[in-house]
Every structure is written in structure tokens, then in C-alpha cells.
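J.: Sharing a structure here in C-alpha cells format.
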Amino acid sequence: MLRHLGQYLLLMIQVFKKPEKKSIYLNRIFFEMDKLGLDSIGIVAFISLFVGAVLTIQMAFNIDSPIVPIYTIGFATRKSIILEFAPTIISLILAGKVGSRIASEIGTMRVTEQIDALEIMGVNPATYLIFPKIIASMVFNPLLILMSIALAILGGWLSGLFSGLVGSYEYVYGIQFQFQMYDVTYAMIKTVVFAFLITSISGYFGYYTKGGSLEVGEASTRAVVVSSVNIIIFNLLLTNLLLA
Amino acid sequence: MIEAKNVSKTFGDHQVLKNVSVKFEKGKNNLIIGQSGSGKTVLMKCLVGLYEVDKGKILFDDRNFSKMSFAEMKEIRQEIGMLFQGGALFDSMTVEENVMFPLSMFTRQTLEERRDRANFCLSRVNIVNSNKLYPSELSGGMKKRVAIARAISNHPKYLFCDEPNSGLDPKTANVIDKLINEITQEYNITTVINTHDMNSVIEIGDKISYIYEGQLWWEGDKTTIMHTDNKELNDFVFATELTRKLRK
């Protein structure tokens with residue numbers, strides 16, 4: 001494990017070295033935003049909408065008491081979505097989708113000698129391949145999470161409305177009740193850290209792939225598992241740092 | 001000229017290269033031949049700096065490549081073109097983008113100039129009307145030719161080819177050999193070819209270095225190799241019925 005940590009840190013030093021040509025790297029950042037960010041909108045939207053709907057129904061069943069006001073359903077749904085569901089659960093989903101893509105892409109480039117080709121041309125392959133992915137995710141993932149928050153709250157409103165468990169007025173009042181902007185800031189900080197973890201860890205496993213297609217598959221799996229474990233650990237650390 | 005001086009390389013407790021000293025001359029096709037596992041790929045990877053040598057040095061026109069910093073190495077690497085066994089074309093780029101890549105990274109040429117150069121290099125390797133295709137849409141021979149076009153696009157002084165004919169039919173392999181030979185003569189570059197294809201040896205072997213169990217065992221050219229009395233080399237070169245008949 002220490003060997004991996006050392007190798008990961010050395011790779012990060014390589015990744016953040018000065019790029020050869022800024023315009024090329026800028027184009028690559030936009031390319032990665034398209035591949036890692038825009039391509040994830042569909043799955044993030046679908047999951048957010050449905051999980052938001054389920055959360056509202058569960059809240060309604062659990063807060064079934066005459067002394068608790070009905071708008072608490074909207075309030076609790078909003079809190080759960082902003083503080084935990086959107087930044088953490090969506091990041092875990094992105095670790096699966098984006099992480100496996102990064103590890104398998106870079107791993108395949110390694111075993112087919114494309115990384116060697118870059119190195120021989122005089123290009124720093126670590127910077128060229130990993131840096132744009134990290135920046136693209138750190139910039140685009142917060143937008144995905146904001147969209148996720150909005151859609152999950154919308155999903156909750158729709159499910160409350162159609163199931164008759166919570167009225168539109170109560171739900172809207174609940175989601176506005178005691179709203180703190182810091183909750184969104186906290187979610188964004190977590191998202192940016194998780195985006196860095198997903199892309200850098202997946203990039204690391206892809207970059208050091210050795211062998212053939214079997215090893216690329218293994219690297220991809222390890223990238224997802226290690227990224228997910230780190231997201232969970234850093235979630236606890238950041239929550240302690242930012243909320244405790 | 002490229003020179004390897006007393007180069008040794010060990011992986012774990014297995015010494016792959018044992019004190020290899022060899023010169024690769026300018027304007028010639030310098031072939032490294034040897035059985036699988038003899039150390040010729042490791043030697044080539046040491047030459048281009050993908051592996052660090054344990055002992056000895058690599059000189060590119062008297063510039064000590066093995067002692068250079070990353071930034072200094074980068075300058076020499078821009079003078080190197082390399083053709084990999086599988087082509088190593090970038091999957092996410094079209095044929096044209098692959099050939100333009102070294103120019104985009106290291107020159108200040110406009111898009112038009114880069115496109116002109118890419119088209120020239122592609123026509124030089126007889127690839128036409130394929131600029132917008134992706135590597136996955138190309139045949140093995142086409143991939144190799146595009147890889148050659150990419151290797152020569154930035155006017156290299158040194159060209160390295162790792163098993164350029166592997167996986168190709170004899171006719172296409174011959175086309176690739178001839179192409180490498182023409183480019184070497186035309187641009188007067190130092191070409192180093194790693195191969196175990198005897199057709200290449202006979203066709204374009206201006207200088208041949210035979211590596212046996214990690215050591216430089218024999219040196220000569222396509223004429224002298226046919227009449228050598230070196231046992232290990234003869235076992236390698238005349239391993240098939242066809243080559244034995246050819247010798248007779």
C-alpha cells in the first residue's frame with residue numbers, strides 16, 4: 001500500500017508539470033469535459049430524479065406524526081439531497097462510470113504502446129493524459145451535482161404531488177425552510193475533492209497497467225474500488241472538517 | 001550516428017543485456033536481429049530512453065543521452081521517429097490528426113501548414129483518401145504506413161522501427177521494408193530496425209547486429225551474413241528449409 005501511495009504521489013508530481021503547449025491542453029480539457037462530464041448527464045439526471053422521488057416517499061412514511069409539520073418532508077429531503085445524496089452518492093456513481101473509463105482508456109494506451117509513443121515524441125504522457133481529465137472533472141462535476149440537486153428536489157416534488165403524501169405548497173415551503181447557502185458550498189467542496197480523487201486514482205491505475213486486456217480489466221476494477229473507498233473515507237474527513 | 005557503449009540492463013536477477021557496444025550508422029538501415037528473448041527489444045528501449053541503462057551509455061551524435069535530464073532528453077526525442085510493432089496510433093485521433101500530432105505539439109505551424117505536411121507524409125507512404133478514418137478502421141499494413149508517416153512528419157534525424165513486419169503478409173511486409181529503406185536514403189537518417197524477419201535482413205540489411213543471449217554476437221551486412229561460419233548465427237538465420245535452400 002505504501003508503495004502505491006509513493007508511486008501515486010510521484011505520478012501526481014509528473015501530472016502537474018508545466019504542459020508543453022497550453023492551447024493543446026485547453027482543447028483537451030474541453031474534450032474531456034465532453035467525454036467525462038456531458039456524457040454523464042443522462043445517468044446523473046435519471047438517478048437523481050428517481051432517488052429524489054423515493055426519498056420524499058420514505059420521508060413521508062417516517063415523519064408520519066401529528067406533531068411534526070408536513071413541510072418537514074421537503075426540508076429533510078432537501079437536507080439529505082444537498083448534504084449527502086448529490087455530492088457523495090452521485091460521486092460514487094461517477095467513480096464507477098468515469099473511473100472505469102479513465103483506467104481502461106489509459107490502460108489500453110499503455111499496453112498498446114501509445115504511452116511509449118508519446119514519451120518518445122518528447123511529450124510528458126502523465127500530464128498529457130491525466131491533467132486534462134482532472135481539471136475537466138473538477139470544473140464540470142460541480143455543475144453535474146448542482147443539476148443533480150435540482151432534479152432530485154424536482155423528483156421529490158413530483159412524487160409527493162402524485163402520491164398525495166405531501167402537497168405542493170408544503171413541499172416548496174419545506175425546501176426553502178431555513179435554507180443555508182453553506183450546505184451548497186459544503187457539497188461543492190466535497191464534489192471537487194471527490195472529482196480529483198476519481199480522476200487521479202483511476203489515471204494512476206490505468207497509467208501503471210502492465211500486460212494485456214485482462215490486466216486492463218483488472219486495473220479498471222481496482223480504479224473503481226479504490227476511488228470509491230477513498231470517497232467514503234474523505235467524505236467522513238471532510239464532514240468532520242466542514243460541519244463538525 | 002547512434003552508439004551504445006558497454007550497455008548492461010538487468011531486470012530483477014536476470015541480466016538481459018551484457019556489456020553491449022554497437023554503432024548505428026547514418027544513412028543506413030541498421031538491423032538488430034536475434035531470437036525472441038535475446039534482448040533486442042530491451043536494447044531498442046534502452047536506445048530510445050524508455051528503459052534506463054544500468055551501466056554504459058547511449059550517444060546520439062556524441063550527445064550522451066543516458067545522462068541527460070528530462071528536459072534535455074526531450075530535445076533529442078523530438079529528433080526521433082519511432083514505428084512501434086502494433087503501430088501505436090492514437091485511437092481517439094483520425095489518421096490526419098495522428099500524423100499532425102508531433103507538429104501540433106512541437107512546432108508553431110498553422111493548421112494549414114500542418115495539414116499540408118501530414119498530406120505530404122501520407123502520400124509518401126501511399127495513403128490517400130483516408131485522412132478522416134480512425135485507426136480501428138485501418139488494416140494492419142495501413143496502420144504501419146500511417147505510423148511511418150507520423151514518425152517522419154517532424155523531420156526526424158533518427159528512425160527506430162520495432163518489428164515493422166510482424167503480423168503482415170510477405171507482400172505488405174516487403175512494401176514496408178522498401179518504404180523504410182527509401183525514407184532512410186532520401187532523408188539520410190540513422191535508422192535502427194529490430195526484426196527477426198529474414199526477408200528484411202536480405203532486402204535492406206545495410207548493417208546487421210546479431211544479439212545472442214544479451215550479447216552482441218556478430219556484426220556484418222546482408223552479404224556477409226550468408227557466408228558466416230558463426231554457429232549460433234547460422235542456427236538462427238538458416239533455421240528454416242527455405243533459407244537453407246537459399247544458401248545452397
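Computed from the coordinates by the stated procedures, all read-outs in this text should not be read as laboratory data. Since this is a predicted model, take the numbers as computed values, not measurements. Note that we place each Cβ from the backbone using ideal geometry, even for glycine, and neighbour counts take in every protein chain shown.
J.: Straight-line reach from residue B:171: which lysines have a Cα under 18 Å away, not including same-chain ones fewer than 8 places off?
T.: Hits, sequence-local ones excluded: B:143, B:144.
J.: So, R0 is 25 Å and r is the distance between the beta-carbons of residue B:223 and residue B:72; what FRET efficiency does that work out to, to 0.05?
T.: Working: r = 39 Å, r/R0 = 1.56.
Computed FRET efficiency for residue B:223 and residue B:72 comes out at 0.05.
J.: For region B:170-199 and region B:212-248, what is the separation of their Cα centres, given in Å?
T.: Centre-to-centre (Cα) distance: 19 Å.
J.: Same structure, new question: Where does region A:20-103 land on Rg(C-alpha)/(2.2 N^0.38 Å)? Before the final figure, lay out the partial values.
T.: Working: Rg = 18.4 Å, N = 84, 2.2 N^0.38 = 11.8 Å.
Cα-based Rg divided by the globular estimate yields 1.56.
J.: Then there's this: Can you give me the relative contact order of chain A as a percent, contacts being Cα pairs under 8 Å and 6 or more apart?
T.: Details: 324 pairs, mean separation 83.9, N = 244.
The normalised contact order for chain A reaches 34 percent.
J.: If we count other beta carbons within 10 Å of each Cβ, what is the order of B:162, A:64, B:54, fewest first? Present the calculation step by step, with values, prior to reporting the outcome.
T.: Working: B:162 23, A:64 11, B:54 14.
Lowest count first: A:64, B:54, B:162.
J.: Between beta-carbons, use under 15 Å as the cut-off and find the net charge around residue A:135, counting Lys and Arg +1, Asp and Glu -1. Each step should come with its number before you reach the end.
T.: Values: positive: A:17, A:18, A:22, A:28, A:35, A:133; negative: A:32, A:34.
Surrounding charge for residue A:135 is +4.
J.: When a footprinting reagent is the concern and you count Cβ atoms within 10 Å, what order do B:123, A:159, B:166 take, fewest first?
T.: On the way: B:123 11, A:159 22, B:166 15.
The most exposed by this proxy come first: B:123, B:166, A:159.
J.: If the cut-off is a Cα-Cα distance under 20 Å, which aspartates and glutamates reach residue A:17, setting aside same-chain residues fewer than 8 apart in sequence?
T.: Leaving aside aspartates and glutamates fewer than 8 places away in the same chain, those within reach of residue A:17 are A:32, A:116, A:119, B:72, B:75.
J.: If you don't mind, another one. Among B:191, B:228, B:41, which one shows the highest mean-square fluctuation when chain B is modelled as a Gaussian network with alpha-carbon springs under 10 Å?
T.: Of B:191, B:228, B:41, the Gaussian network model singles out B:228 as fluctuating most.
J.: Another question, if that's okay. When only alpha-carbon atoms are used, what values of Rg and Dmax, in angstrom, describe region A:24-237?
T.: Values for region A:24-237 (Cα only, Rg and Dmax): 20.1, 72 Å.
J.: If we count other beta carbons within 10 Å of each Cβ, what is the order of B:161, B:121, fewest first?
T.: Lowest to highest Cβ neighbour count: B:121, B:161.
J.: Where does chain B land at 222 nm, in deg cm²/dmol rounded to the nearest 500, when only DSSP H runs of n ≥ 4 count, each adding -39500 (n - 2.57), divided by all residues?
T.: On the way: 9 runs with 94 residues, N = 248.
Result for chain B: -11500 deg cm²/dmol, rounded to the nearest 500.
J.: Cα-based Rg of region B:69-152 per 2.2 N^0.38 Å, rounded to two decimals?
T.: On the way: Rg = 12.7 Å, N = 84, 2.2 N^0.38 = 11.8 Å.
Relative to the 2.2 N^0.38 Å estimate, region B:69-152 comes out at 1.08.
J.: Per residue of B:85-95, count partner chain C-beta atoms within 10 Å of its C-beta, then hand back the mean as an integer.
T.: On the way: counts 2, 4, 4, 9, 3, 5, 5, 5, 0, 0, 0.
Counting Cβ atoms of other protein chains within 10 Å of each residue's Cβ and averaging gives 3.
J.: Could I ask something else about it? If amide hydrogens are placed 1.01 Å from N in the peptide plane, which non-local residues have theirs closer than 5 Å to the one on residue B:191?
T.: Result for residue B:191 returns B:27, B:28, B:30, B:159.
J.: I've got another one for you. Taking every pair of alpha-carbon atoms in the protein assembly as shown, give the share separated by more than 37 Å as a whole percent. Write down the numbers at each step before the final one.
T.: Values: 50839 of 120786 pairs.
In whole percent, the share of Cα-Cα pairs in the protein assembly as shown beyond 37 Å is 42.
J.: Average partner chain C-beta neighbours within 10 Å, per residue of A:59-70?
T.: 0
J.: Can you run phi through the Karplus equation (6.51, -1.76, 1.60; θ = phi - 60°) for region A:153-162 and list ³J(HN,Hα) in whole Hz, with x for Gly and Pro?
T.: Using θ = phi - 60°, the values come out as 5, 5, x, x, 4, 5, 5, x, 5, 6 Hz.
J.: Related question: If one computes the Cα centroid of region A:161-203 and of region A:1-72, what distance in Å separates the two points?
T.: 12
J.: So for the pair residue B:241, residue B:25, with labels modelled 7 Å out along Cα→Cβ, what separation do we get in nm?
T.: For residue B:241 paired with residue B:25, the spin-label model returns 3.8 nm.
J.: Something else now. Shape verdict for region B:105-205, please, from the Cα gyration tensor: rounded (a/c under 1.5), prolate (a/b greater than b/c) or oblate.
T.: Cα axes put region B:105-205 in the oblate bin.
J.: As a check on your grasp of the helix formula, calculate [θ] at 222 nm for chain A: sum -39500 (n - 2.57) over DSSP H runs of n ≥ 4, divide by the residue count, round to the nearest 500. The partial results should precede the final answer.
T.: Working: 11 runs with 187 residues, N = 244.
Using -39500 (n - 2.57) per qualifying helix, the result is -25500 deg cm²/dmol.
J.: So which residue, out of A:92, A:11, A:151, gets the largest mean-square fluctuation from a GNM of chain A using Cα contacts under 10 Å as springs?
T.: A:11
J.: Another question about this same structure. Taking a ≥ b ≥ c as the square roots of the eigenvalues of the Cα gyration tensor of chain B, is the shape rounded (a/c under 1.5), prolate (a/b larger than b/c) or oblate?
T.: oblate
J.: Got a sec to turn the phi values of region A:208-224 into Karplus ³J(HN,Hα) couplings, 6.51 cos²θ - 1.76 cosθ + 1.60 with θ = phi - 60°, whole Hz, x for Gly and Pro?
T.: 9, 5, 10, x, x, 4, 4, 5, 5, x, 5, 4, 5, 5, 5, 4, 5
J.: What list of ³J(HN,Hα) values in whole Hz, one per residue of region A:5-12 in order, does the Karplus curve 6.51 cos²θ - 1.76 cosθ + 1.60 (θ = phi - 60°) give from phi, with Gly and Pro shown as x?
T.: Karplus values, whole Hz, x for Gly and Pro: 4, x, 5, 5, 5, 5, 5, 5.
J.: Compute a Gaussian network model of chain A, connecting alpha carbons closer than 10 Å, and tell me which residue from A:214, A:118, A:154 fluctuates the most.
T.: A:214
J.: Further question: I want the antiparallel fraction of DSSP beta bridges within the protein assembly as shown, as a percent rounded to 5.
T.: Details: 19 of 37 bridges.
Percentage antiparallel, nearest 5: 50.
J.: Please list, or write none, the lysines whose alpha carbon is within less than 22 Å of the alpha carbon of residue B:5, excluding same-chain residues fewer than 8 places away.
T.: B:18, B:23, B:26, B:28, B:40, B:45, B:55, B:57, B:67, B:74, B:157, B:207
J.: In whole Å, how far is the Cα centre of region B:76-132 from that of region B:1-70?
T.: Between the Cα centre of region B:76-132 and that of region B:1-70, the gap is 27 Å.
J.: Could you grab the relative contact order for chain B? Cα pairs under 8 Å, six or more apart, rounded to a whole percent.
T.: Working: 453 pairs, mean separation 68.3, N = 248.
That works out to 28 percent.
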